[in-house]
1. Out of segment 52-62, which residues are of a type outside the set (D, E, K, R), loosely packed, with under 14 Cβ neighbours inside 10 Å and not in a loop (DSSP other than H, G, I, E, B)?
2. Which residue pairs have Cβ atoms under 7 Å apart, sit 6 or more places apart or on different chains, and have a first residue in segment 223-238 that is within 15 Å of L144 (Cα to Cα) and a second that is among the acidic types (D, E)?
3. Of the conditions (1) among the polar types (S, T, N, Q); (2) under 18 Å from E91 (Cα atoms); (3) modelled with pLDDT under 95, T189 fails just one. Which one is it?
4. Please go through (1) of a type outside the set (G, A, S); (2) more than 15 Å from the chain's Cα centre (by Cα); (3) assigned to a loop (DSSP other than H, G, I, E, B) for N180 and return the number of the only condition it doesn't satisfy.
5. Would you check if E175 is assigned to a strand (DSSP E or B), open to solvent by 40 Å² or more (accessible area, probe 1.4 Å) and at pLDDT 90 or above?
6. Which condition does L103 not pass, out of (1) over 19 Å from L193 (Cβ atoms); (2) of a type in the set (A, V, I, L, M); (3) in a loop (DSSP other than H, G, I, E, B), if it passes all the others?
7. Of the residues that make up segment 62-76, is at least one hydroxyl-bearing (S, T, Y) and over 14 Å from A163 (Cβ atoms)?
8. Can you spot a residue in segment 6-20 that is open to solvent by 30 Å² or more (accessible area, probe 1.4 Å) and among the aromatic types (F, W, Y)?
Amino acid sequence: MAPRILVVTPTYNERDNLPRFVRSVLEVVPEAHVLVVDDASPDGTGAVADTLAAEDPRTTVMHRPGKLGLGTAYVDAFRRALELGYDVVVEMDADLSHDPKYLPAFLRAIEEGADVVLGSRNVPGGGVLGWGPGRHVLSKGGSLYARTLLGVPIRDLTTGFKAFTRRALRAIDIETLRSNGYSFQIETTYRALRKGLCVTEVPIVFVDRRAGHSKMSRSIFAEAVVEVWRLRFDALAGRL
């Protein structure tokens, strides 16, 4: 039987991007379902998502009462995916920076034995379009910092374009995940590696958002810096 695939996208003020995103995903992988997790976006993204769901049963919406963070959005989605029996869960941003054309490569990697697939900007064939020098330094420096401190070979630890098998979601123990910003991506990948899972990087070209504003902030960056140290200490103490 073909695997049941769920593409999850957390949204906050993505009204202009969401319709194109959903259409593009379902055109590339028609057998997939899309779950929009909206944090009460004041721009009406939730209503747009409801319209898309009414038009196509492959799209569903989870409405949350406020801006509760990226990490909790994914945990809520992962929990639902496990409850509903999905075999593969994909994380994607709704801002069109993650191109659905790479999804078949992700699914092939899983068919070949990967438990976790990372859309990597930092391996041959990967890259970024539309960033200034400062953002490049921040991204590559963040991955280098985390990779060095945690002692792992992964080139892009901060990517938000990822796929997990059902086995991987159970292994990383989603109910105990503590990160809530971009460090969530570091934590989930590191936990998978600590559990001995097969983590594969697939090259992608990340394109900076076309509409709206980046969610990156100083507090999110600071959380990631601290989280890497916590993960390292937890691993040394045998808690991971």
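The values are calculated or read from the model by the stated rules, or taken from the named source; none is laboratory data. None of these values were measured; they are calculated from a predicted model. Every residue, glycine as well, gets a Cβ built from its backbone with ideal geometry; the counts of neighbours run over all protein chains shown. When the accessible area is computed, the model is the full protein with side chains, heavy atoms only, and any ligands, DNA or RNA have been set aside. Shrake-Rupley method; radii C 1.70, N 1.55, O 1.52, S 1.80 Å.
1. A54
2. From residues that are within 15 Å of L144 (Cα to Cα), the pairs are E227/E187.
3. Of the numbered conditions (1) among the polar types (S, T, N, Q); (2) under 18 Å from E91 (Cα atoms); (3) modelled with pLDDT under 95, the odd one out for T189 is (3).
4. For N180, the exception is condition (2).
5. Against the criterion (assigned to a strand (DSSP E or B), open to solvent by 40 Å² or more (accessible area, probe 1.4 Å) and at pLDDT 90 or above), E175 does not qualify.
6. Result: L103 fails condition (3) only.
7. yes
8. yes
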